[in-house]
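Every number here is computed from the coordinates shown, using simple stated rules; none is lab data. Just so you know, these numbers come straight off a predicted model, no measurement behind them. Don't worry about glycine lacking a Cβ; one is built from the backbone with ideal geometry, like all the others, and counts go over all protein chains shown.
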Amino acid sequence: MKFNPRRLGNDPASIALDWRIDNMSSPAPLLEVKNLSTHFLTDDGVMHAVEDVSFTLDRGQSLGLVGESGCGKTTTMLALMRLLPPNGRIVKGQVLLEGRDLLRLPDSEMQRVRWSKISLIFQGAMNALNPVRTVGDQIAESIRRHGLVGGRLDNHALDQRVRQLLDMVGIASSRQDQYPHQYSGGMRQRAMIAMALACTPDVVIADEPTTALDVMIQAQILDLLQKLQRELGLAVILITHDLAVVAEMCDRVLVMYGGKVAEYADVDAIYNEPLHPYTRLLLAAFPDLTQPEGKLVAIPGYPPRLHALPAGCRFEPRCPVRIGKCVTADPPLREVKPGHWVACHLVTEQLPIHPTTSLP
Amino acid sequence: MNPTPVLEITRLRKHFPISRGLLASFRRRSAHSVHAVDDISFQVQPGEILALVGESGCGKTTTAKLLMGLEQPSGGTIHFCGQDVATFDLKQMRRQIQMVFQDPYESLNPRMTVFEIVAEPLNVHHLARSREDRIDRVKRALKDAGLKPAESYFNRLPHELSGGQRQRVVIAAALVLEPTVLLADEPVSMLDVSIRAEILNLLTELRQTRGISVLFITHDLGTVAYFADRIAVMYLGRIVEIGPARDVLSNPQHPYTKALLSVVPVPNPRLRRERIILQGETPNPIDLPGGCRFHPRCPVAIEQCRQIDPPYVELSNSHRAACLLIESVL
Amino acid sequence: MNRFSRWRGGFKNFWRAFRHNRLGLLGLIMLAAAIVIAVFAPLIAPTDPYARVRVKVEDIYAPPSAAHPFGTDDAGKDVLSAFIYGSRVSLIVGFAASLISLFVGGAVGLIAGFYGGRLGNFLMRINDIFLVIPFLPLAIVLVALLGQSLINIILVIGLLGWSSTARLVRSQVLSVKERQFVTRARAIGAGNLHIIWHHILPLVLPLLLANTVLIISLSILAESSLAFLGLGDPTVISWGSMLNFAFTRSAMSAGAWWALVLPGLGIVWVVLACTLLGNVLEEIFNPRLKAHHLSSTDKMVAIPNEIQPAPSGK
């Protein structure tokens, strides 16, 4: 694999690092994650936060990472970006960005990948802005830190770029000299998006971007993300617990439970032909405004404690259709239909569901 | 003959004075106060679930505080079962209406056991006749809130419980005084999706088992569809539309309601619908626009909207909305 | 049953914090040692430093020997015994004065924080005055006016040391007051006293405890300073008074380092113990002091092929 930096002029927006990959005949996926596994070392023992997570992401595609609190979705993304806390360990897996395994890069290289290739909008991002610096300043700083390798960037060009970014996210450029507290919640989220786009990444990971926002502002932000995705050709990974948002925004969906992948398929398949019992129950627990006649289903029980995981399927204790094998054997993730992966014994072995149990 | 509503609010107002600097108060004569709640009226019938829906800044939280006696109204009246609240003393009022809060992690004192938390209202109001009586009432409240077996929860501390269990403890503490109205402020928005249904179903059940009415405050229209008998939509301190849930959801009249319903995400990827995304944000209640409060953001505003504050138009079946563009059916 | 299981749970957290902070444990041991010495002074000390003795000239500032492991002082008395008995006064004054600071500061902080308004502002302005005026000059003046007795010393140190506690308590009360469970208590109909007793105090006391340990060290230092300046109670022996005598009676020129070093070390020992202990207590009770994990500069460099061995113990 050859590394060939090319500078395309002084305009920061067009500075690019281009590396040619030797055998690049077919369009490989932009991002390929294989068997990513993460552990945390805590006082109570080893916490198996994420195990064997695999997925792919093409250019311009959006992936929804869905699951409830504690299922490992944020940890997966932090591991991908190598931003785990000191007690976290990535114990297995590959993260291939355009063929390069990010997990095996030296730290300095990873610094360059972060933000200029993949950027992340943190959960609670609205409160992550530095209150004592202007918004424009903070965006400029992220460009200065991550966007350039060698070469000078004059202030004028930097200023232009900041204006351009603010404009892209719908903030009047006159507001670039204001402080975060002068921005509303929705505007701060837009500022965070602008910051994430500052170095023209290929992949943007948005962790719960609209939680805590009003429904109208949420609609505005999602609309903005979709627009940016189209115009800039971004690949987006949307992490959320909100199934409805995923249905509106994403092409493919990864459902996580207890640190593992439960189901991974196109959005249409997930919503109209869900196969994993957890997915089906989750969909039934989610209100649909257009169909208010149904009853909301609750999933009894609690998510597994990641210190003391059962030997079998992690969802088994709460599963309405479990069988004996589910207690002893952890179901592997299998592609049961083209592009549709499920980790469930009943599905992969096409076992019949016992007539006395039921799934919504 | 309609039964007496358990809760009746008539032209309720709450204005917060703004303290302005000395010079500023000389310079401008405009707004001296924030009209957080401005002339709202509604009723809650026995055993009914009324949802108060709106975005932040619409006044729903202030309304909740007024109902709980945590703030005093600037105008208007509140009646519980026909009696004016002004004649109650504060303690009496708090036995009529109890509140369930949004954050199950913050609503419980981390150092109190579940028993102490649920018994606290009894102690404050000196209601328990004896130790056994207190234990009995706490047990009943925990049972009604779905925490069984009740005794096993007595000595647990909040951090040992899950979010859903904590919220049930809050509900039990609200039930122990046997109120007629339960005021739930975003009771499920901080819970996992799979747990929400449990709590919502519990609130619905309480209607049956205890005859309690529920005033449900939220910004999540999706949940409201399943759950509420009637819906009231608030914007900038006013109720812009109110009516039976089915009617408001299937036949919204006010442009704001229509916009809100069109942007609520729906878990159906095949659904294509026209989304009315309003520009900008809810304006600051300090700078209220003249005429209809919604007109600056309204996609269908006409000239008169800028001058006239629209009155309510009665539609069928106790469904009414305040907009100049609605034609009355009656 | 419930109270004990709660305390047991609390202790578990306690010891876990000490495990992480060995220095805190050290501080605790050091302080405990000092207290033991003070309590059992009559049993430990070889001689009674208050007893009258006849001394010969060679007994004055005699260097350490078998009979006097730390030599003798300017009056020919055993330095070690004086040191052991002196610990009593230093510690008693330290604890008693900090108790006063605790109560006054706690009460002021509680009232100012909870009720606020004009009373709160007034109390905080008085607090500011006490914070601003330097301690030693004011203490000297007060002791000179009131007279040099142990009670007066305790009062003076106590009444001048409450300001930082008040400020701490007030800010904690302010933050607890805003928490949702307090709002919920009000919504239930609880009055102010109920809220203060059941909700505010249990969350303020731990912080107060942590702060008190630090106040103790400051009080001991204050007593030593005053005694060193000759303002202590002349009828009792304290470490400060030992230093005072050694200083004013030319221990250094006599080369009698033992008369200075031991009391000095004693003061350092106790102050250090309190500081170390106070730090770990603050860490336990003030969760906001814990650094955020992303602020650590050593980021994880992934070494995927090396499977980290699981630590023993599940």
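The figures follow:
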| item | result |
| --- | --- |
| Chain B: most fluctuating residue of B:Pro255, B:Pro299, B:Pro149 per GNM, C-alpha cutoff 10 Å | B:Pro149 |
| Hypothetical label at C:Val53: residues of segment C:68-103 whose amide nitrogen lies under 18 Å (7 Å Cα-Cβ projection) | C:68-87 |
| Value in Å of the Kirkwood radius, where segment A:260-348 supplies the Cα pairs that are averaged | 14.1 |
| Positive-pole candidate from C:Leu123, C:Ile188, C:Leu260, dipole of chain C, charges at beta carbon | C:Ile188 |
| Against the rule of thumb 2.2 N^0.38 Å, how large the Cα Rg of segment C:176-284 comes out | 1.70 |
| Cα centroid separation - segment C:253-286 against segment A:45-104, whole Å | 50 |
| Given charges at Cβ of Lys, Arg, Asp, Glu: segment A:167-218 dipole, positive-most of A:Tyr179, A:Val169, A:Ile217 | A:Tyr179 |
| FRET efficiency, B:Asn123 to A:His307 (Cβ-Cβ, R0 35 Å, nearest 0.05) | 0.40 |
| Computed log₁₀ I(q)/I(0) - Debye formula, equal Cα scatterers, no solvent, segment B:86-199, q 0.09, 0.14, 0.22, 0.23 Å⁻¹ | -0.22, -0.54, -1.27, -1.36 |
| Where Rh is the Kirkwood radius over Cα pairs, Rg/Rh for segment B:210-266 | 0.96 |
| Distance in nm between pseudo-label sites at C:Leu272 and A:Asp268 (7 Å out along the Cβ direction from Cα) | 7.5 |
| Net charge of Cβ neighbours under 12 Å - reference C:Thr183; Lys, Arg +1; Asp, Glu -1 | 0 |
| Hypothetical label at C:Glu283: residues of segment C:14-58 whose amide nitrogen lies under 15 Å (7 Å Cα-Cβ projection) | C:14-29 |
| Helix-only mean residue ellipticity at 222 nm for the protein assembly as shown, each DSSP H run of n ≥ 4 adding -39500 (n - 2.57), per residue, nearest 500 | -13000 deg cm²/dmol |
| Neighbour net charge for A:Gly301 - beta-carbon separation under 14 angstrom, K R +1, D E -1 | 0 |
| Degrees between helix A:155-168 axis and first principal axis of chain A (Cα, 0 to 90, nearest 10) | 40 |
| Calculated P(r) of chain B - Cα pairs past 34 Å, % | 29 |
| Shielding of A:89-95 by partner chains, average beta-carbon count, 10 Å | 4 |
| Base-10 log of normalised Debye intensity for segment A:110-261 (one unit scatterer per alpha-carbon) at q = 0.10, 0.12, 0.18 Å⁻¹ | -0.35, -0.50, -1.10 |
| Dipole in debye (nearest 20) - chain A, about Cα centre, beta carbon charges: Lys, Arg +1; Asp, Glu -1 | 760 |
| Chain B: most fluctuating residue of B:Arg306, B:Arg230, B:Arg95 per GNM, C-alpha cutoff 10 Å | B:Arg306 |
| Projected label distance in nm at C:His194 and B:Ser41, using a 7 Å step from Cα toward the beta-carbon | 3.5 |
| Partner chain coverage, peptide A:238-251 - average Cβ within 10 angstrom | 3 |
| For residues of B:255-266, the mean tally of beta carbons on other chains within 10 Å | 5 |
| Ranked packing of C:119-131, A:33-45, C:74-86, most packed first, by mean Cβ within 10 Å | C:74-86, A:33-45, C:119-131 |
| Too-long pairs where the Cα-Cα distance tops 32 Å, listed order kept, from B:Lys91/C:Lys177; B:Lys14/C:Lys177; B:Lys14/B:Lys139; A:Lys73/A:Lys337; B:Lys14/B:Lys91; A:Lys117/B:Lys258 | B:Lys14/B:Lys139; A:Lys117/B:Lys258 |
| Exposure proxy order (Cβ contacts within 10 Å, fewest to most) of B:Leu271, A:Leu306 | B:Leu271, A:Leu306 |
| q = 0.15 Å⁻¹, segment C:79-289: log10 I(q)/I(0) [Debye, one scatterer per Cα] | -0.94 |
| Whole-angstrom Cα spans of chain A along principal axes, big to small | 71, 49, 45 |
| Backbone N within segment A:95-113 under 19 Å of label point (7 Å from A:Arg133 Cα along the Cβ vector) | A:111-113 |
| Antiparallel content of DSSP bridges confined to the protein assembly as shown, in %, to 5 | 60 |
| Two-decimal Rg to Rh for segment B:173-330 - Kirkwood Rh, Cα set | 1.00 |
| Evaluated over the protein assembly as shown, the Cα radius of gyration and Dmax, each in Å | 34.4, 119 |
